[in-house]
Structures are given as structure tokens and as C-alpha cells.
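Remarks on the structure that follows.
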Amino acid sequence: MKLRPLADRVVLKQFKAEEKTKSGLFLATSAQEKPELYEVVEVGPGGLVDGNEVKMTVSAGDRVLVGKYSGTTVKVDDEEYSIVRQGDILAIVED
């Protein structure tokens, strides 16, 4: 199954949480902090949203920062994805 977002929505996949500390200690799953860093999987077409023209500035493969409680989480084929509006993306992370 494939997710195809509508309007200004973006499908994101979260990067894995760190399992080890810098000193080499392994963290329990409950102690692992989820990063707010995501990879863009799929991008909607943009267009008119609430009467305003929205141009999509992110593209598939971008790494982005998203607010901690943004979007909706869905599970597809045992993979967890978040669907957010482009406006919920705080920044594109570049190397």
C-alpha cells in the first residue's frame, strides 16, 4: 500500500531513536527519546488551501525538523508514518 498525500500535506518517516549513549550504555526502549528529525517520504501537490495558494518547498528525501506534537501517526504495512501539513515543518536539515 502507498500513501499519497493531498493538498499541502507531507508523509514523513521518523528516524530511529538512539539506543546507546555516547559513553556506550544501552538505553531501555522507554528511556529512548524520539527525535523530531524525519525523512520526507511523499509530498502532496500543493494548490489552494483555505483560499491561499500553497507552493510545496519540501521534496521526497529531504530531512526535516517537525514540532513534537505535530501531525497524525498512521501505520501502513508495519511501518509508522506521520502526516503533517507543510506549515508544521520547522526546518529542512542540510549537511
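The values are calculated or read from the model by the stated rules, or taken from the named source; none is laboratory data. Quantities reported herein were computed from a predicted structural model and do not represent experimental measurements. Glycine also receives a Cβ, built like all others from the backbone with ideal geometry; neighbour counts cover every protein chain displayed.
With the requirement that a residue be closer than 12 Å to Leu12 by Cα and either part of a loop (DSSP other than H, G, I, E, B) or over 10 Å from the mean Cα position of the chain (by Cα) (or both), what does segment 44-71 give you?
Here is the first cut: in segment 44-71, the ones closer than 12 Å to Leu12 by Cα are 44, 58-66, 70-71.
Answer for segment 44-71, where residues must be closer than 12 Å to Leu12 by Cα and either part of a loop (DSSP other than H, G, I, E, B) or over 10 Å from the mean Cα position of the chain (by Cα) (or both): Gly44, Val58, Ser59, Ala60, Gly61, Asp62, Ser70, Gly71.
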Residues of segment 72-93 that turn out to be surrounded by 10 or more Cβ atoms within 10 Å (Cβ to Cβ), within 12 Å of Pro5 (Cβ to Cβ) and under 11 Å from the mean Cα position of the chain (by Cα), as a count: 6
Taking segment 49-86 and keeping only residues that are among the aliphatic types (A, V, I, L, M) and touching a residue at least 24 places away in the same chain (Cβ under 8 Å), one is left with Val49, Val54, Met56, Val58, Val64, Leu65, Val66, Val74, Val76, Ile83, Val84
Is there a residue being at pLDDT below 95, more than 13 Å from the chain's Cα centre (by Cα) and part of a strand (DSSP E or B) anywhere in segment 33-43? no
